[in-house]
């Protein structure tokens, strides 16, 4: 039983890490998009 709980906990940690990475890359994409947009507008 304890082994099963450990595996579930590990899976949750992995999911949370993935969520964090996705959020991070999404915000980075937004920043990149804004930078490109501002360059186009300035030029």
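Just so it is clear, none of the values below were taken in a lab; they were calculated from the coordinates. Remember, it's a predicted structure, so these values are computed and weren't measured experimentally. Cβ atoms come from the backbone with ideal geometry, glycine included; neighbour counts cover every protein chain shown.
Calculated from DSSP H runs of 4 or more alone, at -39500 (n - 2.57) each and per residue, what is the 222 nm mean residue ellipticity of the chain, nearest 500? If you can, show how the numbers build up before the last one.
Details: 1 runs with 41 residues, N = 43.
Result for the chain, helices only: -35500 deg cm²/dmol.
Compute the FRET efficiency between residue 19 and residue 41 as 1/(1 + (r/R0)^6), taking r as their Cβ-Cβ distance and R0 = 35 Å, and round to the nearest 0.05. Could you put the intermediate results ahead of the total?
Values: r = 33 Å, r/R0 = 0.94.
For R0 = 35 Å, the calculated efficiency reads 0.60.
Kindly state, to the nearest 0.05, the FRET efficiency for residue 2 paired with residue 26, given R0 = 35 Å and r defined as their beta-carbon distance.
Details: r = 36 Å, r/R0 = 1.04.
In this case the efficiency is close to 0.45.
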